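Report on the following structure.
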Amino acid sequence: MQAILTATIQVLLVAGLERLTTTRVSERAGVSVGTLYQYFPNKESLLAEILERHLRAVVEAVEAACISSKGRSAETMASTVVGAFLKAKFQSVDTSRALYSVASEVQGTAVVARMAHRSQIALCEMLATASDVRFNDVAMVSFVMSTALVGPVQAALSAGTGQIGVDILRTHLTSMITEYLYMVAISQTETKSSGLTTGQPLNRRERSKIHRSTDGDGKAR
């Protein structure tokens with residue numbers, strides 16, 4: 001089956017989605033069309049399988065990053081998640097680039113939605129444990145955080161960005177998401193002292209104070 005999946009990516013890159021057929025894929029894989037149909041009844045199911053495998057790997061990387069960052073500072077969370085997402089997307093550049101066109105297909109849209117839901121659950125669970133801040137609407141924060149990564153990474157993949165460019169992108173995305181998290185956050189101190197679960201977002205001075213109060217491993221002192 002792996003030969004068929006690999007051949008599908010190769011045909012996508014060379015011929016594009018519109019010209020991809022099961023015949024082209026089987027020829028590229030060196031198997032008969034009948035053999036291909038034993039695994040996949042049509043082109044749509046083949047594309048859906050490839051997309052789901054790719055996105056599952058990306059989501060699992062994000063989930064692992066979220067688990068490892070629980071109880072850390074928002075800054076550490078941002079850095080860890082950004083790094084994991086970029087590593088997963090750029091680990092196989094050809095696959096990531098080829099599958100963007102597949103994601104717009106009907107079955108592809110359903111797969112993307114399902115995997116996005118998984119990643120946002122992981123982000124919610126992580127953000128709820130931040131050592132230095134609280135969030136009024138953790139679901140919205142996780143949604144913005146995850147979707148903010150997609151556009152720039154897609155553009156970088158389309159542009160054929162090299163490793164140096166990826167490193168720069170990581171720095172910029174980490175800074176952007178870190179600033180966003182502290183901008184919409186409520187300080188732990190204010191929340192505990194008032195006994196409230198809601199409050200005003202942190203101002204710039206409060207955000208700077210939180211940055212200074214965390215140690216090297218991202219845990220609040």
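Key figures for this structure:
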quantity: Selected residue [touching a Gly at 6+ places or on another chain (Cβ under 9 Å), in contact (Cβ under 8 Å) with a residue 60 or more places away in the chain and within 26 Å of Gly162 (Cβ to Cβ)] from Leu86, Leu51, Leu55; calculated: Leu51
quantity: Enumeration of residues in the range 7-43 that are of a type in the set (Ser, Thr, Tyr) and closer than 20 Å to Ser104 by Cα; calculated: Thr8, Thr21, Thr22
quantity: Residues that are in a helix (DSSP H, G or I) and loosely packed, with under 15 Cβ neighbours inside 10 Å, drawn from the range 132-143; calculated: Ala139, Met140
quantity: Qualifying residue in the range 20-42 (condition: on the phi > 0 side of the Ramachandran plot and in contact with a helix residue (DSSP H, G or I) (Cβ under 9 Å, 6 or more places away or on another chain)); calculated: yes
quantity: Given (1) closer than 19 Å to Gly108 by Cα; (2) of a type outside the set (Val, Ile, Thr); (3) exposed (fewer than 14 other Cβ atoms within 10 Å of the Cβ), index of the condition His54 fails; calculated: (3)
quantity: Condition broken by Ala65, with the remaining ones in (1) surrounded by 15 or more Cβ atoms within 10 Å (Cβ to Cβ); (2) among the aliphatic types (A, V, I, L, M); (3) more than 18 Å from Thr95 (Cα to Cα); (4) not assigned by TED's automatic domain parsing to the domain that holds Thr129 satisfied; calculated: (4)
quantity: Test result for Val33, among the hydrophobic types (A, V, I, L, M, F, W, C) and over 21 Å from Ser101 (Cα atoms); calculated: yes
quantity: Residue match in the range 108-129 (condition: of a type in the set (D, E, K, R), assigned to a helix (DSSP H, G or I) and within 16 Å of Gly151 (Cβ to Cβ)); calculated: no
quantity: Ala185 vs. criteria surrounded by fewer than 20 Cβ atoms within 10 Å (Cβ to Cβ) and either modelled with pLDDT of 90 or more or polar (S, T, N, Q) (or both); calculated: no
quantity: Residue check, Thr161 modelled with pLDDT under 95, in contact with a His (Cβ under 7 Å, 6 or more places away or on another chain) and either within 30 Å of Glu44 (Cα to Cα) or not in a helix (DSSP H, G or I) (or both); calculated: no
quantity: Selection count, the range 99-117, where residues are surrounded by 15 or more Cβ atoms within 10 Å (Cβ to Cβ) and either at pLDDT 85 or above or over 16 Å from Val58 (Cβ atoms) (or both); calculated: 8
quantity: Test: residue in the range 118-129 that is under 11 Å from the mean Cα position of the chain (by Cα) and either farther than 17 Å from Glu60 by Cβ or of a type in the set (Lys, Arg) (or both); calculated: yes
quantity: Residue in the range 74-88 that is surrounded by fewer than 19 Cβ atoms within 10 Å (Cβ to Cβ), under 23 Å from Thr171 (Cα atoms) and touching a helix residue (DSSP H, G or I) at 6+ places or on another chain (Cβ under 9 Å) present; calculated: yes
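The values are calculated or read from the model by the stated rules, or taken from the named source; none is laboratory data. From a predicted model like this one, the values you see are computed outputs, not experimental measurements. Note that each Cβ is placed from the backbone with ideal geometry, even for glycine, and that neighbours are counted across all protein chains shown.
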